[in-house]
Amino acid sequence: MPEEVLTEAVEEYLEAIYKMSLEGPVIAARLAEKMGVSPPTVADMLRRLSEKGMVKTSRSEGVKLTKKGLETAETMVRRHRLWERFLTDVLGLNWDEVHEEACRLEHAMSPQVEEKLADILGHPETCPHGFPIPGTKGAKKRAREAKPLSKLSVGDEAIIERVTEEDSQLLQYLSSLGLLPEAKISIKEIAPFKGPMLVQVCGAQYALGQEVASKIMVKAK
């Protein structure tokens, strides 16, 4: 039986649900916000995905990927992150330039090319932004064990695990401060009433707003 051909829109929805599910329950309203579309548009897509056997929805648990949906989502995320690695490691693009390029490339990739690309890259475990590549050892554990920098307290020390890859201006800013995956970071001060955090990295100190800090995922040092 030939492999089912999915549209780019279907693949993108499955990717979004997959990524959101790692942070908590996936609610249709939040999915609509994530995709930048109206709630009725999301409802229509979820109905189509349900008919394809890729998602299940309920009021109590929200949107969940089925085994079939999860397999497809992980494949797309894997291809996306492999392309990001290729674009940075081989072509020399900056890490703030590769997300959109990888979004275009991932949909036109065959399993054979995917495997060859992984071979050429030496089967990396993470993308340039620190996100685990599905299919590699410990990927699921790494995806769940990190927490936002904004959740740390004064005196805490950690290592940056990953940062959101979808905001190129934020990536440029973080790069200029040395706030990159594997960098050691410590919390020196936190202003009251959810004010800025004073952090130390690479021997220098910087004030980070709570919104920026929430997009930096860290693990215990």
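The values are calculated or read from the model by the stated rules, or taken from the named source; none is laboratory data. Here the structure is a predicted model, which means the values were calculated and not measured. Cβ: placed from backbone, ideal geometry, glycine included. Neighbour counts: every protein chain shown.
Computed values, structure above
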read-out	value
Condition met for residue 24 (over 16 Å from the mean Cα position of the chain (by Cα) and on the phi > 0 side of the Ramachandran plot)	no
Qualifying residues in the stretch 25-45 (those that are of a type in the set (Gly, Ala, Ser) and not in a helix (DSSP H, G or I)) - the one farthest from residue 58 (Cα to Cα)	36
Search result, residues across the stretch 70-116 that are outside any helix (DSSP H, G or I), surrounded by 14 or more Cβ atoms within 10 Å (Cβ to Cβ) and among the aliphatic types (A, V, I, L, M)	93, 109
Filter result for the condition that a residue is in a helix (DSSP H, G or I) and either in contact (Cβ under 8 Å) with a residue 12 or more places away in the chain or farther than 24 Å from residue 103 by Cα (or both), over 176, 153	176
Residues satisfying the stated conditions in the stretch 160-197, i.e. within 18 Å of residue 220 (Cβ to Cβ) and touching an Asp or Glu at 6+ places or on another chain (Cβ under 6 Å)	186, 187
Cross-chain or 6+ apart pairs with Cβ under 9 Å, the stretch 52-65 first and within 14 Å of residue 29 (Cα to Cα), then of a type in the set (D, E, K, R) and surrounded by fewer than 15 Cβ atoms within 10 Å (Cβ to Cβ)	57/47
Inter-residue pairs, beta-carbon under 6 Å, first closer than 14 Å to residue 11 by Cα and in the stretch 27-50, second part of a helix (DSSP H, G or I) and of a type outside the set (A, V, I, L, M, F, W, C), 6+ apart	45/13
Checking residue 96 against (1) in contact (Cβ under 8 Å) with a residue 60 or more places away in the chain; (2) in contact with a strand residue (DSSP E or B) (Cβ under 9 Å, 6 or more places away or on another chain), the condition it does not meet	(2)
Per-region count, the stretch 133-181, residues acidic (Asp, Glu), exposed (fewer than 14 other Cβ atoms within 10 Å of the Cβ) and modelled with pLDDT of 95 or more	1
Lone unmet requirement of (1) over 17 Å from residue 166 (Cα atoms); (2) in a helix (DSSP H, G or I) for residue 60	(2)
Residue within the stretch 191-214 that is out of contact with any Phe, Trp or Tyr (no Cβ under 8 Å at 6 or more places or on another chain), hydroxyl-bearing (Ser, Thr, Tyr), without any contact (Cβ under 8 Å) to a residue 24 or more places away in the chain and under 23 Å from residue 94 (Cβ atoms) present	no
